[in-house]
């Protein structure tokens with residue numbers, strides 16, 4: 001199996017971001033954590049566990065239309081067993097976004113009922129967190145319909161935070177800054193690169209495509225065979241390098257002398273994975 005270079009990332013604002021989130025935690029009732037449904041574990045920043053303390057939480061599995069629905073169901077059940085509610089959505093089409101408010105109210109139902117019993121019409125404040133490229137901005141734009149709240153002068157609200165009105169007595173706070181996950185496991189970095197979360201300019205595209213093909217040939221052999229007009233036996237008999245060359249040849253990506261233009265083939269394979277043309281795939 002080909003070795004992928006160890007992806008390094010040094011986000012300059014991580015400490016500042018974590019501090020801002022910690023400062024804002026006291027303003028909110030619940031944290032909504034957005035992850036990429038194709039890599040639900042690899043697209044999380046595990047530091048968030050410490051930052052949000054004991055606040056209630058909702059997991060949003062975004063880009064669900066690109067993920068393997070069987071594995072999405074398994075992940076939702078996994079979160080449920082660990083006491084965390086999860087919903088699957090696609091922010092671009094709006095699929096499942098309408099479940100957000102209901103899910104939040106469900107998680108906070110006891111607190112809402114307690115407030116009602118005291119004659120209080122409780123206002124719900126939600127902080128939305130997520131690493132780059134999981135679709136946080138798309139989700140907020142879809143759920144808020146662009147209704148940014150003018151709240152800087154209100155008591156208890158930190159100036160400069162991005163608040164949005166969603167519904168009556170329901171507001172969301174966009175995370176102040178961005179969170180990057182730790183790349184202690186090289187495979188986490190690879191999976192983020194597969195989905196485009198890490199810029200292609202800082203990695204070896206051909207090596208990345210080779211590693212992706214190696215992983216897909218294990219769990220999604222049929223997808224590869226179907227997309228690139230190969231038999232499953234052909235896919236099974238080739239390593240990542242030979243798969244890249246075979247697919248490039250199938251697509252007529254040849255250069256002088258009849259060799260395969262592997263760089264062009266690699267770019268095509270990554271593009272087709274990221275646009276779900278190879279199928280609905282989950283790598284975690």
message: To make sure I understand, if each residue's beta carbon is the centre and we count other beta carbons within 10 Å, what order do 139, 164, 170 fall in, fewest to most?
response: 170, 164, 139
query: Computed over the Cα atoms of the chain, what is the convex hull's projected area averaged over all directions, in nm²?
result: 16.7 nm²
- prompt: Pairing the Cα long axis of helix 69-81 with the longest principal axis of the chain, what angle in degrees results, from 0 to 90 and rounded to the nearest 10?
  reply: 40 degrees
- prompt: Rounded to two decimals, what ratio of Rg to Rh does the stretch 206-284 give with C-alpha atoms and a Kirkwood Rh?
  reply: 0.94
message: Taking the 0 to 90 degree range and rounding to the nearest ten, how far is the long axis of helix 14-25 tilted relative to the main principal axis of the chain, both from C-alpha atoms?
response: 30 degrees
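Give me 195, 175 ranked fewest to most by other Cβ atoms within 10 Å of their Cβ, as a rough exposure proxy.
Details: 195 20, 175 23.
Ordered by Cβ neighbours within 10 Å, fewest first: 195, 175.
For a test of the definition: using alpha carbon positions, the gyration tensor, and the 1.5 limit on a/c, classify the stretch 60-104 as rounded, prolate or oblate. Kindly include the intermediate steps, with their values, before the conclusion.
On the way: a/c = 3.16, a/b = 1.19, b/c = 2.65.
Oblate, because a/c is 1.5 or more while a/b does not exceed b/c.
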task: Find the centroid of the Cα atoms in the stretch 213-278 and in the stretch 64-123, then give the distance between the two in whole Å.
output: 38 Å
statement: Dividing the mean separation of Cα pairs under 8 Å (6+ apart) by the residue count of the chain yields a relative contact order in percent of 23 percent
- prompt: Which ordering of 238, 254, 46, 216 is given by a fewest-first count of other beta-carbon atoms within 10 Å?
  reply: 46, 254, 238, 216
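Given a Förster distance of 22 Å, report the FRET efficiency between residue 232 and residue 276 from their Cβ-Cβ distance, rounded to the nearest 0.05.
Numbers: r = 20 Å, r/R0 = 0.92.
After rounding, the FRET efficiency stands at 0.65.
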query: At what distance in nm do the modelled label points of residue 115 and residue 81 sit from each other, each positioned 7 Å from its Cα along Cα→Cβ?
result: 3.3 nm
task: Report the residue, chosen from 88, 65, 114, that carries the largest GNM mean-square fluctuation when the chain is represented by alpha-carbon nodes joined by springs under 10 Å.
output: 114
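Using Cα-Cα distances under 8 Å and only pairs 6 or more residues apart, what relative contact order does the stretch 204-274 have, in percent? Before the final figure, lay out each step's value.
Working: 64 pairs, mean separation 25.3, N = 71.
The value is 36 percent.
Just so you know, all these numbers are worked out from the coordinates, no wet-lab data involved. Note that this is a predicted model, so its numbers are computed, not measured. Note: ideal-geometry Cβ built from the backbone for every residue, glycine included; neighbour counts use all protein chains shown.
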